[in-house]
Each structure stands twice: as structure tokens, then as C-alpha cells.
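To keep things clear, I will list the structure first and then write my remarks on it.
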Amino acid sequence: MRRILLVEDEKMIRYGIYVMIENSGVPYSEITECRNGKDAVEYLKNTRYDLVLTDIKMPIMGGLELSRWICDNLDAEERPLIVAISGYAEFEYVKGMMKFQSMDYLLKPVDREELGKILWNAEEILRKRGVESPDMGNSGDTEVTGVNRYKMQRAVDYIRQNYGKPIDMAEVSNYVSMNYSMFSTTFKEFTGENFSSYLRKLRIEKSKKFLLNTDMSILEISQKVGFEDARRFAKVFKEETGLTPTASRDKMMAEKK
């Protein structure tokens, strides 16, 4: 799955679903968040998304209207898969969304396992359509197949679930029962990055979410994402983003207003 568009007006629910997607193990290259259907339309005009998860009832423009816009304005081959998110009282709206090719629906409060099943179902549909998974990289390599592919996906899942701990490649290669050297080579073929770079970038991306969505201190965030101290975290963060964590938080908060 390449790009996911998450449309939900309630900030905490949106953040919760975002985290569930990240922890599901489903490969993706980007998750874009927006607060209503109108904002989503602007993204869809400029970017091709593979999956849209949308709340049904939102201010300005709800999920039903958004689904109708997608069907009316995007060619069939460009239309993303659509998953409706609703409360029990809005189930009649879900039926309406099915008319606009909504593939499935989720009831609030969103269940992690149910969301995971739907995401993997969407991934299977996309693969059958020929949409390449981002975790497969762009090298055209065909050696990561069968058992190794399964082990690499387990490795990625393990890293995403344990990035906040002091994990290393020896631990993960042992977890998936692979020779250290073979794991190193196969992991890079599968993800397009070596282990340390993948873990480093994941930790920085996670830290951005904490900077934007919580009031935790820089020290707390550094510990939350697996760095031994705040100084090391700040150094790596600036190397990856060009900004200090504090400056990045200020910038993201200003853009959010």
C-alpha cells in the first residue's frame, strides 16, 4: 500500500487510528491526515491515494459526500479504496457509502484487530491490482520471496512494535531465526535501507508525532522513541530533519494553526 488518506475530525480518534495503522505491520509510504472531506478533496486533486479511511459525519463535508466526489471526479483506475468509519447510530449512512464503492466499514470505537484485518484485505486487493508494496523497494530485486519475505515482514513488524526499546539487528535477526549476515542483506533488499538507517528514520518519524500531538518534554520523547539521552536524540533529529526537536515542534504547531 503506497498512500493512505485518514479523514477524521476528532483529533484524538484520528491520532489513535494513525497509531493503529503504524502498528498493524501493513506496508505504507505515507499517511496523510485531514479534518474533513473538503480538505481531503484538495489532497485527492493533487495526489493519488490507494486507501481512504473516512469518518461519515464531519463538519463542512462528511464521508458520504467525499465518497460521492471520488466516484464523480476520479477515473476508475485512480480511485482509492474507501473504508467508512461510523458510530452505530450512523449505520444507515454506511449503506449509502456502499453505493460509492466503499470496500468495508469500521464501527467506533475502532477495534485494532478489526482495523488490521481490513488493512491487510486492502493490501491484498492492491497487490492484485499490481500496486507495488513500498517495503519491496524500487530495485527490481526478485530474490526476497517466500519464507524470506515472510521473515522480513515479521522483522519490520517487530521493529515497529519495539522501536522504543534498545533493540539492535542481532536481536531482530534472532527473532526471525536468520543468520546475521543474511538478515542484513535481505533486510536491505526488502526495505531499501540498512537496519540502522531504517530504525533511525522510524524513531525520528515517531518523535515528530509526539512533538506535534503531545506536550511531553524533549527528554520524555527521546526516551519514548528509544534514544539513550536527549542530547543524542537532538543530534540525530537535526541530522535527519535540519531542525532541532524544539524548532520542529514550533514549526509544526505554527503550520497546524
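Only the coordinates and a few stated rules stand behind these numbers; no lab work does. Bear in mind that the values here come from a model prediction, so they are computed numbers and not experimental data.
For the range 198-256, the relative contact order is 32 percent, taking Cα pairs closer than 8 Å that sit 6 or more residues apart in sequence and dividing their mean separation by the residue count. Within the chain, no whole DSSP H helix has Cα atoms reaching 30 Å or more along its own axis together with a mean Kyte-Doolittle score of at least 1.0. Considering the range 3-135, its Cα convex hull presents a mean projected area of 7.2 nm². Per residue of the chain, the DSSP helices (runs of n ≥ 4 H) give a summed -39500 (n - 2.57) that works out to -17500 deg cm²/dmol at 222 nm.
Pairs exceeding a 32 Å alpha-carbon distance, out of Lys57/Lys209; Lys117/Lys238; Lys108/Lys235; Lys108/Lys256: Lys117/Lys238; Lys108/Lys235.
Of Leu243, Leu44, Leu199, the residue with the greatest mean-square motion in the GNM of the chain, using alpha carbon springs below 10 Å, is Leu243. With volume of the Cα convex hull per residue in Å³ defined as stated, name the option among (1) 118; (2) 137; (3) 128 computed from the structure displayed. Structure-derived value, by its label: (2).
Given Cα positions, please report Rg to Rh for the range 198-256, the hydrodynamic radius being the Kirkwood one. Using only Cα positions, Rg/Rh for the range 198-256 is 0.92.
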